[in-house]
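Report on the structure given below.
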Amino acid sequence: MTEVMNVVTRAIVDVRPDLGESRTEITRDSALFYAADPDQPVLGLDSMEALELIAALEQEFGVELADTSIRITDLRTVGDVVDAMSGAL
């Protein structure tokens with residue numbers, strides 16, 4: 001699972017280079033869009049960036065989320081994405 005986390009983190013930084021430049025910590029708990037909990041780290045992706053991320057990960061792992069039971073709307077945190085990709089392999 002660590003390898004999947006590394007790939008997901010790299011893909012996030014590819015989509016949002018400013019996160020890498022600012023050395024933003026990307027953890028399993030990081031919210032992709034926004035967080036209801038003010039203490040939760042937020043990456044602040046927009047909808048187009050989220051689609052780019054999913055497309056990059058589908059290509060990297062050779063999976064199509066549409067062919068799985070995973071719903072993109074359920075991917076709220078980095079951990080959700082890591083689990084989804086791990087489960088789709």
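The values are calculated or read from the model by the stated rules, or taken from the named source; none is laboratory data. Here the structure is a predicted model, which means the values were calculated and not measured. Cβ sites come from the backbone with ideal geometry, for glycine too, and all protein chains shown count toward neighbours. In case anyone asks, the SASA skips ligands and DNA or RNA and just uses the protein heavy atoms, side chains included. Shrake-Rupley method; radii C 1.70, N 1.55, O 1.52, S 1.80 Å.
When the Gaussian network model of the chain links Cα atoms closer than 10 Å, the mean-square fluctuations of Leu75, Leu19, Leu57 top out at Leu19.
For Ala56, the shell of other residues with beta-carbons less than 14 Å away shows a net charge of -4, using +1 for Lys and Arg and -1 for Asp and Glu. A simple charge model with +1 on the Cβ of Lys and Arg, -1 on the Cβ of Asp and Glu and nothing else charged puts the dipole of the chain at about 80 debye relative to its Cα centre. Between the range 1-20 and the range 35-75, the C-alpha centres lie 12 angstrom from each other. The protection proxy used here, the mean number of other Cβ atoms lying within 10 Å of each residue, ranks peptides 28-34, 59-65, 82-88 as follows, highest first: 82-88, 28-34, 59-65. The alpha carbons of the chain occupy a box of 33, 26, 26 Å along the principal axes, longest dimension given first. Over the chain, accessible surface divided per residue gives 61 Å², non-protein components excluded, 1.4 Å probe. The heavy atoms of Glu58 offer some 40 square angstrom of accessible surface to a 1.4 angstrom probe. Provide the net charge surrounding Arg16, with neighbours chosen by a C-beta distance below 13 Å and charges set as Lys +1, Arg +1, Asp -1, Glu -1. Combined, the nearby Lys, Arg, Asp and Glu give -4. In the elastic network of the chain, a GNM with C-alpha springs shorter than 10 Å, the most mobile of Ile70, Ile12, Ile54 is Ile70.
The fraction of accessible area contributed by carbon and sulfur in the chain is 50 percent, rounded to a whole number (1.4 Å probe; ligands and nucleic acids excluded).
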